[in-house]
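Notes to accompany the following structure.
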Amino acid sequence: MTFGTLLGYASCFHRHGIASAFSRMLVIASQSIPSFAVAFLVFWLVAVELQWIRPVFGSPIERIAGPILVVALFATGPFARVTFGTLVAVQSSSWFMTALAKGLSRKRAMIAHGGRSVVVANAAVLVPELGWAVGGTAVSEIVFGVSGLSAYIVEAAASRDYAVLQLYLVAIFVWLGTAHGCITALRSRIDPRPEVRR
Amino acid sequence: MPAKRHALSLLVVAGLVALLLLAARGSDPHAIDLLRALEPPSLAQPFGTDHLGRSIAVRLADGLWRTLAVLFLLTAVAIPAGFALGFLAIFGSEAISRFAICFARAGVAVPTFILALAATAVFGLSPVSVGIAIGVAAAAQYTLLAAELGRTALKEHFVLASVALGVSPVGIAIRHVLPTIAPVLRRHLSTDLARAVVAYAGLAFIGLGADTGRSDWGAMAWEYRAWVFEAPWLLFGPAAAVGVLAGGLSYAMDD
């Protein structure tokens with residue numbers, strides 16, 4: 001989310017620059033490149049070629065670093081493009097024009113006055129990403145040999161362990177409901193539009 | 001110009017699919033030839049052969065049919081169900097409208113991959129089970145889209161005129177609302193089809209009901225993962241097939 005937001009700001013500062021092209025490419029790639037291909041590529045790069053991590057025999061942090069990197073790579077593009085789209089919309093708002101008229105540069109105005117709108121928009125993207133993180137990351141966990149929740153669910157599905165699957169579906173609903181509630185509360189507190197805050 | 005470009009890209013994707021199917025015509029994807037094991041890509045074998053001497057190109061073509069079946073089922077389930085529930089939400093009584101919207105919101109809440117995973121656990125991994133599960137998840141999204149876009153379309157003057165002339169709700173839905181919301185839904189379908197290709201490959205990769213004889217692209221990647229350093233072309237074929245089909249569909253159908 002952090003890298004995606006920064007990339008979104010960079011894309012907006014230089015609309016036809018490298019950051020914009022890179023964020024666009026990340027979004028297309030996240031929709032069309034299978035996660036097993038990315039996971040194998042990351043495994044080969046960081047564990048075999050560069051040897052930064054030891055996925056199987058390393059410390060707990062080294063073991064989860066690979067799957068986190070893969071999941072983060074897939075989530076970065078959407079956050080960057082939503083940030084970019086929000087900042088483009090912000091620039092045509094009256095209060096942004098007022099900030100420019102008061103003497104702020106476009107970049108400073110985007111940082112100072114666009115931040116809240118960006119957080120509100122990215123909070124909406126965060127809910128499905130949170131749902132994806134609990135169960136949708138099985139491929140990365142399997143490639144890196146991490147015995148995470150997703151891999152456990154896959155095992156339960158393969159062995160038709162319905163008790164685990166039922167509990168998992170309930171947990172997903174509770175998790176998403178809680179996340180949705182928290183993010184709605186956050187949005188109502190920080191949204192700059194008064195009609196939403198009421 | 002963009003329309004021409006997209007038509008051209010659609011033709012390119014269709015051409016690649018046709019070439020793959022033609023190359024594999026009449027060949028057995030399960031034919032084992034140990035004397036030709038792990039052959040690198042060549043003119044005769046564009047994607048090489050695997051550890052059992054099976055042609056990767058022929059297996060990819062076999063897997064393509066299974067993936068296309070998922071896409072067909074997704075479209076066949078999601079579009080009619082989404083439209084029907086969306087129009088019920090617009091034209092139905094308050095109770096029916098609430099039910100349709102609640103169903104759709106509940107469906108949208110659960111990530112598609114997880115719903116497909118649960119369906120696979122119950123019915124086993126097949127193009128039919130995955131296609132229907134992803135189709136049901138997508139139907140929820142189409143319901144919300146059709147309801148929201150349809151309500152906006154109902155405010156148009158020409159629709160209001162039709163209502164005043166006494167056209168039935170079904171007539172209004174088919175003649176006015178459907179053509180108005182179709183372009184938006186087509187764009188949405190383009191991303192859904194791409195996601196379905198990737199999701200099916202992911203489900204097959206994690207090996208639910210694993211059967212190494214199956215030519216699903218994800219299952220092939222799972223089977224060939226042990227040769228990732230020795231014979232990387234084994235993994236290139238399935239990954240490229242998923243990427244080209246998903247990316248091509250997304251690009252060709254979007255504006």
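Any read-out appearing in this document is the output of simple, stated calculations on the displayed coordinates, not a laboratory observation. Small disclaimer: the values here were computed from a predicted structure and weren't measured. In this analysis, Cβ positions are derived from the backbone assuming ideal geometry, glycine residues included, and neighbour counts consider all displayed protein chains.
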**OP:** About the Cα centre of region B:6-110, how large is the charge dipole given +1 on each Lys and Arg Cβ and -1 on each Asp and Glu Cβ? Please answer in debye to the nearest 20.
**Re:** 200 debye
Original post:
Where does helix B:233-253 land angle-wise versus the long Cα axis of chain B, in degrees 0 to 90, nearest 10?
Top reply: 20 degrees
Original post:
trypsin sites (Lys or Arg not before Pro) within region A:1-84: which are DSSP loop residues with at most 14 other Cβ atoms inside 10 Å?
Top reply: A:R15
**OP:** Treating the angle as unsigned and between 0 and 90°, give the value, to the nearest 10°, between the Cα long axis of helix B:2-23 and the longest Cα principal axis of chain B.
**Re:** 40 degrees
**OP:** Report, largest value first, the span of the C-alpha coordinates of the protein assembly as shown along each principal axis, in whole Å.
**Re:** 73, 57, 53
Original post:
Pick from A:F13, A:F74, A:F57: which residue has the top mean-square fluctuation in a GNM of chain A where Cα pairs under 10 Å get a spring?
Top reply: A:F57
Original post:
Top mean-square fluctuation among A:H16, A:H113, A:H180, Gaussian network model of chain A, C-alpha springs under 10 Å?
Top reply: A:H16
Original post:
Quick one: B:R225, B:R195, fewest Cβ neighbours within 10 Å first, how do they rank?
Top reply: B:R225, B:R195
Subject >> Extent along principal axes [Cα atoms of region A:135-182; Å; largest to smallest] >> reply: 33, 24, 11
Subject >> Net charge of Cβ neighbours under 14 Å - reference A:T98; Lys, Arg +1; Asp, Glu -1 >> reply: +3
Subject >> Residue with peak Gaussian network fluctuation, chain B [Cα springs, cutoff 10 Å], from B:A147, B:A173, B:A164 >> reply: B:A164
Subject >> DSSP-loop GluC sites (Glu not before Pro) across region B:78-180, with at most 13 other Cβ within 10 angstrom >> reply: B:E156
Original post:
In percent, what relative contact order does chain B have, based on Cα pairs under 8 Å that are 6 or more apart in sequence?
Top reply: 24 percent
**OP:** Give me Rg over Rh for chain B, both radii from the alpha carbons and Rh done the Kirkwood way, two decimal places.
**Re:** 1.08
Original post:
What is the fewest-to-most order of A:M25, A:M110 by other Cβ atoms lying within 10 Å of their Cβ?
Top reply: A:M25, A:M110
Original post:
Taking every pair of alpha-carbon atoms in region B:1-112, what share in percent sits in each 5 Å bin, from 0 to the bin with the longest distance?
Top reply: 2, 10, 12, 13, 11, 10, 10, 10, 8, 6, 5, 3, 1, 0
Subject >> chain A, helix-only ellipticity at 222 nm - DSSP H runs n ≥ 4, -39,500 (n - 2.57), divided by all residues, nearest 500 >> reply: -25000 deg cm²/dmol
**OP:** Determine the relative contact order of region B:163-222: mean sequence separation of Cα pairs under 8 Å and six or more apart, normalised by residue count, in whole percent.
**Re:** 22 percent
**OP:** Positive end of the charge dipole of chain A (Lys, Arg +1 and Asp, Glu -1 on Cβ, about the Cα centre): tell me which of A:Q166, A:L186, A:V27 has its Cα farthest that way.
**Re:** A:L186
Subject >> Helix B:56-91 axis, angle to chain B major axis (alpha carbon atoms, nearest 10°) >> reply: 10 degrees
**OP:** Would you calculate, for chain B, the mean residue ellipticity at 222 nm contributed by helices, counting each DSSP H stretch of 4 or more residues as -39,500 (n - 2.57) and dividing by all residues, to the nearest 500?
**Re:** -24000 deg cm²/dmol
Subject >> Cα gyration tensor shape of region B:119-255, rounded if a/c is under 1.5, else prolate or oblate by comparing a/b with b/c >> reply: prolate
